[in-house]
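Report on the structure given below.
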Amino acid sequence: MELFKTISELRQALNADKHNGLTIGFVPTMGALHQGHLSLVNRAGSENDRVVVSIFVNPTQFNDPNDLRNYPRRLDSDLALLADSPCDYVFAPAVEEIYPEPDNRKFDFGALELVMEGQFRPGHFNGVAQVVSKLFDVVKPDKAYFGLKDFQQYSIIKNMCSMLNLPIGIVACDIVREADGLAMSSRNMLLTPEHRTIAPLIYKSLQIALEEAGHFTPEEVKKHVKDRINLSGLLRVEYFEIVDELTLEAVSSWDQKGSKVGCIAVFAGKVRLIDNIIFAK
Ligand code: PAF
């Protein structure tokens, strides 16, 4: 495994690989890696000749400066974890390498960015699109791998690729969970012991929502989920929406066509956690 800090070094290695006809799988991350990231790296390894993992805490996607400051950074342990994985190249650039000058591009994702994360984290998806489009331009992967915990991000990235005509296969990977159901996240390591103990209530409530679907209206199911979590006194739901899987428009009846996904954001103290569950068609 090789570590690159500059775009030119990484490009040089990748150009040689592409010249030799090798396929490239790419896993963009912000580091503080866990088993969820490793599942993406393993999948990329099983489907490509070369695997690139980027580790870059992207400032433009943080709408809250405290969140950016507190975001965990641990390159050494990330590299140790990746050493036992199919990762070939780690790209860990400095901010100035990615943004030699301010990126003033404005993406328009229409309705996809007006709800949920887009609504509560203004500018977040513009920052994600800025950095992912730059990373895609550097790596030019055949396939890129994204975890479905960030369901809306996955929709936005697919939309961005079709908007920019990028010939990259966007691969959605299942959420990886702790034994108690909590979705794996780099933010979990910031939880206090008390919040860590209660946090599995988020996924438990989503599972109950799945059982309730069909017996209650989407509006009622949403209320039950929020009440159940808020009642804990330690967790606070920011939003829970049941939306169409493709358009992300709110669903008002279970009879509407297509798969539906229930997406949630919850504050556990100062730590913001997201999760989701797919309601089958
Ligand atoms: O999902 C993430 O970790 C980030 O949003 C990403 C895709 C690496 C862009 O910074």
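The values are calculated or read from the model by the stated rules, or taken from the named source; none is laboratory data. Just so you know, these numbers come straight off a predicted model, no measurement behind them. Positions of Cβ are generated from backbone atoms using ideal geometry, with glycine treated the same way; all protein chains shown enter the neighbour counts. These accessible areas exclude ligands, DNA and RNA; they are computed on the full protein's heavy atoms, side chains included. Shrake-Rupley method; radii C 1.70, N 1.55, O 1.52, S 1.80 Å.
Could you tell me the calculated FRET efficiency between I208 and D49, based on Cβ-Cβ distance and R0 = 51 angstrom, to the nearest 0.05?
0.70
What is the Cα radius of gyration of segment 132-281 over 2.2 N^0.38 Å, N being its residue count?
Computed over Cα atoms of segment 132-281, the ratio equals 1.13.
Tell me the per residue accessible area of segment 56-163 using a 1.4 Å probe; a whole number in Å² is fine.
Result: 45 Å² per residue.
Assign unit charges at the C-beta atoms only (+1 for Lys and Arg, -1 for Asp and Glu), then state the dipole size of the chain relative to its Cα centre in Debye, rounded to the nearest 20.
220 debye
Please tell me which of these pairs span more than 22 angstrom C-alpha to C-alpha: K143/K260; K18/K143; K226/K257; K106/K222?
Table pairs above 22 Å Cα-Cα are K143/K260; K226/K257; K106/K222.
If R0 is 35 Å, what FRET efficiency do you get for V95 and Q256 from their C-beta distance, rounded to 0.05?
So, using R0 = 35 Å, E works out to roughly 0.20.
When all protein chains stay in place, what accessible area (Å², nearest 10, 1.4 Å probe) is found for E211?
Only protein atoms counted, so the area is about 130 Å².
Give me the angle, in degrees from 0 to 90, between the Cα long axis of helix 218-230 and the longest principal axis of the Cα atoms of the chain, rounded to the nearest 10.
Between helix and principal axis, roughly 80 degrees.
Remind me, what semi-axes does the chain give for its equivalent ellipsoid, largest first in whole Å, using sqrt of 5 times each Cα gyration tensor eigenvalue?
Semi-axes from the Cα gyration tensor: 33, 21, 18 Å.
Grab every C-alpha pair in segment 127-178, bin the distances at 5 angstrom width from 0 up to the longest one, and report whole percents.
Each 5 Å bin holds this share of Cα pairs: 5, 20, 32, 26, 11, 4, 2, 0.
Per residue of the chain, what 222 nm ellipticity follows from adding -39500 (n - 2.57) for every DSSP H run with n ≥ 4, rounded to the nearest 500?
Helix contribution divided over all residues of the chain: -11500 deg cm²/dmol.
Convert each backbone phi in segment 22-28 into a coupling constant with the Karplus relation 6.51 cos²θ - 1.76 cosθ + 1.60 (shift: θ = phi - 60°), then list the ³J(HN,Hα) values in order as whole Hz, x for Gly and Pro.
Each residue of segment 22-28 in turn: 7, 8, 10, x, 10, 10, x Hz.
How many nm separate the modelled label positions at L3 and D64, each set 7 Å beyond the Cα in the direction of the Cβ?
Label at L3, label at D64, 3.0 nm between them.
Projecting each Cα onto the charge dipole of the chain (Lys/Arg +1, Asp/Glu -1 at the beta carbon, about the Cα centre), which of L231, G181, N104 comes out farthest on the positive side?
L231
Excluding ligands, DNA and RNA, what is the solvent-accessible area per residue of segment 209-281 at a probe of 1.4 Å, expressed in Å²?
It amounts to 51 Å² per residue over segment 209-281.
Quick one: net charge of P122's neighbours, Cβ under 15 Å, K/R +1, D/E -1?
Summing Lys and Arg as +1 and Asp and Glu as -1 gives -3.
For the chain, which whole-number percentage of the solvent-accessible area (1.4 Å probe, protein heavy atoms only) is attributable to carbon and sulfur atoms?
Carbon plus sulfur share of accessible area: 52 percent.
Using θ = phi - 60° and the Karplus curve 6.51 cos²θ - 1.76 cosθ + 1.60, what whole-Hz ³J(HN,Hα) does each residue of segment 163-180 get, with Gly and Pro shown as x?
Per-residue couplings from phi come out as 4, 9, 6, 8, x, 10, x, 9, 9, 8, 10, 4, 5, 9, 10, 5, 4, 8 Hz.
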